[in-house]
Every structure is written in C-alpha cells, then in structure tokens.
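The values are calculated or read from the model by the stated rules, or taken from the named source; none is laboratory data. Small disclaimer: the values here were computed from a predicted structure and weren't measured. Cβ: placed from backbone, ideal geometry, glycine included. Neighbour counts: every protein chain shown. Just the protein is used for accessible areas: all its heavy atoms, side chains included, with ligands, DNA and RNA removed. Shrake-Rupley method; radii C 1.70, N 1.55, O 1.52, S 1.80 Å.
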Amino acid sequence: MRELLTRSAVAHVVALGGGAYAQNDNAELIRQEGVTTVFLDASAETLWQRCNDDPQDRPLRQTFEQFSALHQQRRPYYLRAMSRIDTSSKSAAEIAEELASKVRIGEIPGEEI
C-alpha cells in the first residue's frame with residue numbers, strides 16, 4: 001500500500017479489495033497521503049448477487065449470512081471515505097459516469113476524468 005501511494009505523482013484509480021480500507025494502518029496511510037477516497041456502496045444483497053455472477057473464486061463468499069455479517073462489519077470503515085456513491089441497481093458505466101461527474105463539478109477532489 002505504501003509503495004503504491006508514494007511511487008508516482010501520476011493520478012491512479014485503485015480499487016481496494018478485501019478489508020484493506022478497514023485495516024487501521026492502511027486507512028491511516030491513506031489519510032496521511034491525502035488520497036481522495038470514494039466508497040462505492042451497495043447493499044449486502046446486491047454485492048452478494050454481483051459476486052455470485054462473477055466466476056472468480058472468492059474465499060470469503062461461503063454463505064449469504066457470513067457474507068452479510070462481513071459486509072456489516074466492514075461498512076462503517078468504508079463510510080469514512082470522503083465521498084460515497086450508491087451503486088445499487090447501476091451499471092458499471094453509470095457508476096463511472098456519476099464518479100466522473102462528481103469530479104468535474106468538484107464534489108469529489110481529483111483530476112478531470
């Protein structure tokens with residue numbers, strides 16, 4: 001994480017997976033570096049369906065109950081992000097456009113997308 005945040009002055013978009021942002025050391029490093037953070041939020045049900053539609057093996061996707069509990073445990077950490085976009089019932093293209101629009105109008109700090 002440290003190498004990624006400090007290796008280049010070029011803007012990057014990085015999707016943190018697992019519980020990366022929920023780990024205090026990572027969250028503190030992100031805060032110290034002044035990184036713009038956006039939480040792409042959705043319900044546990046929506047995320048469960050998206051994961052089930054993805055053929056990639058996800059070790060923590062065992063049962064919906066376990067998945068939902070993990071979502072509930074991690075969500076408060078992700079809500080600390082600078083901005084939040086509700087991604088429920090939106091396509092990837094719609095989410096990208098909403099993010100780009102928020103950057104254009106200055107609601108989310110960053111470079112023009």
>> I want to confirm something. Restricting to region 61-91 and keeping residues that are in a loop (DSSP other than H, G, I, E, B) and open to solvent by 70 Å² or more (accessible area, probe 1.4 Å), which single residue is nearest to I108 (Cα to Cα)?
In response: M82
> Of the residues A92, A100, A44, A20, which is touching a Ser or Thr at 6+ places or on another chain (Cβ under 6 Å) and small (G, A, S)?
Replying inline: A44
>> For region 31-55, give me each residue that is without any contact (Cβ under 8 Å) to a residue 24 or more places away in the chain, open to solvent by less than 80 Å² (accessible area, probe 1.4 Å) and assigned to a helix (DSSP H, G or I).
In response: W48, C51, N52
>> Restricting to region 104-113, count the residues that are of a type outside the set (G, A, S) and open to solvent by less than 60 Å² (accessible area, probe 1.4 Å).
In response: 1
> When you look at G18, is it on the phi > 0 side of the Ramachandran plot and either of a type in the set (V, I, T) or within 15 Å of the chain's Cα centre (by Cα) (or both), yes or no?
Replying inline: yes
> Any residue in region 96-103 that is open to solvent by 70 Å² or more (accessible area, probe 1.4 Å), part of a helix (DSSP H, G or I) and either small (G, A, S) or at pLDDT 90 or above (or both)?
Replying inline: yes
> Quick one: which of Q66, Q56, Q49, Q73 is polar (S, T, N, Q) and closer than 18 Å to Y21 by Cα?
Replying inline: Q73
> Any chance region 2-23 includes a residue that's basic (K, R), part of a loop (DSSP other than H, G, I, E, B) and either loosely packed, with under 15 Cβ neighbours inside 10 Å or touching a residue at least 40 places away in the same chain (Cβ under 8 Å) (or both)?
Replying inline: yes
> Which pairs do you get when a residue that is among the small types (G, A, S), found in region 80-101, comes within reach of a residue that is assigned to a helix (DSSP H, G or I), reach meaning Cβ atoms under 8 angstrom, with the pair 6+ apart or on two chains?
Replying inline: A81/Y21; S83/K102; S88/T46; S89/T46
